[in-house]
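Worksheet: the structure to be examined is printed underneath.
The values are calculated or read from the model by the stated rules, or taken from the named source; none is laboratory data. All values derive from a computational prediction rather than experimental measurement. Glycine also receives a Cβ, built like all others from the backbone with ideal geometry; neighbour counts cover every protein chain displayed. Side chains are part of the model used for accessible areas, which takes the heavy atoms of the whole protein and leaves out ligands, DNA and RNA. Shrake-Rupley method; radii C 1.70, N 1.55, O 1.52, S 1.80 Å.
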Amino acid sequence: MPPTEQLPRNDIRLYDRLADQWWRPRGVFAMLHWLAAARGELVPPPERAGAVLVDLGCGAGLLAPHVRGYRHIGVDMSASGLRQAREHGVTAVRGDVLRVPLRDGCADVVVAGEILEHVTDLDAAVREIGRVLAPDGLLVLDTLAATRRCRFVAIGVAERVPGMAPRGVHDPRLLVDRAALVKVAAEVGIPLRLRGIRPVLSDVAGWLLGRRDSVRLRPVRDTGVLFQGVGRKVG
């Protein structure tokens with residue numbers, strides 16, 4: 001495909017086109033590094049030898065440096081991303097998060113980072129999470145809220161700021177209804193707690209000026225743009 005050809009929004013081919021950007025701290029996926037660090041802070045050390053962490057939508061394995069000690073299984077549709085994930089110690093599995101090719105109850109932890117806003121069937125994705133998560137297993141997620149403000153910030157603004165988000169990466173129709181997410185998670189036995197997160201503004205300024213290679217994310221009460229969810233599956 002010619003590099004200048006415009007892809008539809010939320011097209012998986014975008015990740016192969018930008019495969020050389022994944023591990024660049026100032027590349028087009030820079031914000032995914034910040035999110036991976038914030039996500040990793042919510043994952044406790046493994047409680048047993050051989051504990052399994054399933055990383056849905058793992059991309060190139062950006063979570064790997066933040067979740068040491070687990071058998072880290074990454075599921076993604078991007079072959080180029082999975083090749084890089086393997087280089088960072090991830091057991092790479094090519095598959096769709098709507099039909100995860102893993103057995104029931106195999107995961108001590110499921111992480112769904114920046115993936116739910118890309119799926120065409122939120123209920124099916126959450127039910128797959130519930131299926132592969134073991135009783136008392138932990139779910140950690142982050143995603144984008146289905147609000148006008150989020151569409152403006154995450155698509156209208158972020159896709160125009162270099163390093164914030166690649167152009168066309170999100171389809172506004174797939175942003176996540178928070179109430180629907182909490183409801184279907186409860187139905188599969190995972191009571192979710194939600195909290196918002198946002199970049200530390202002074203860090204963003206330093207990053208834009210080239211004085212910082214990373215940006216910290218701070219928890220906030222407002223879940224109307226970017227938010228995290230945490231819950232344990234009822235045993």
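Looking across the range 127-153, the residues that are part of a helix (DSSP H, G or I) and open to solvent by 10 Å² or more (accessible area, probe 1.4 Å) come down to 127, 128, 131, 148, 149, 151, 152, 153.
Within the range 113-126, restricting attention to residues that are assigned to a helix (DSSP H, G or I) and in contact with a Leu (Cβ under 8 Å, 6 or more places away or on another chain), the residue that is surrounded by the fewest Cβ atoms within 10 Å (Cβ to Cβ) is 124.
Look through the range 197-235, keep the residues that are at pLDDT 95 or above and polar (S, T, N, Q), and return whichever of them is most open to solvent (accessible area, probe 1.4 Å). Going through the qualifying residues, I end up with 202. Please go through (1) open to solvent by 20 Å² or more (accessible area, probe 1.4 Å); (2) under 19 Å from residue 63 (Cβ atoms) for residue 177 and return the number of the only condition it doesn't satisfy. The one condition residue 177 does not meet is (2). Applying a threshold of 6 Å to beta carbon distances and a minimum spacing of six or more residues, or different chains, the list of pairs starting in the range 106-133 at a residue that is more than 16 Å from residue 187 (Cβ to Cβ) and ending at one that is open to solvent by 10 Å² or more (accessible area, probe 1.4 Å) and basic (Lys, Arg) reads 113/39. Of all residues assigned to the range 176-186, at least one qualifies as being under 16 Å from residue 147 (Cα atoms), in contact with a Ser or Thr (Cβ under 7 Å, 6 or more places away or on another chain) and either among the aromatic types (Phe, Trp, Tyr) or in contact (Cβ under 8 Å) with a residue 60 or more places away in the chain (or both).
Would you kindly identify the helices (runs of 4 or more DSSP H) lying entirely within the range 6-112 that contain at least 3 residues that are open to solvent by 60 Å² or more (accessible area, probe 1.4 Å) and modelled with pLDDT of 95 or more? Walk me through how you get there before you give the answer.
Details: elements: 13-17, 30-40, 79-87.
Output list reads 79-87.
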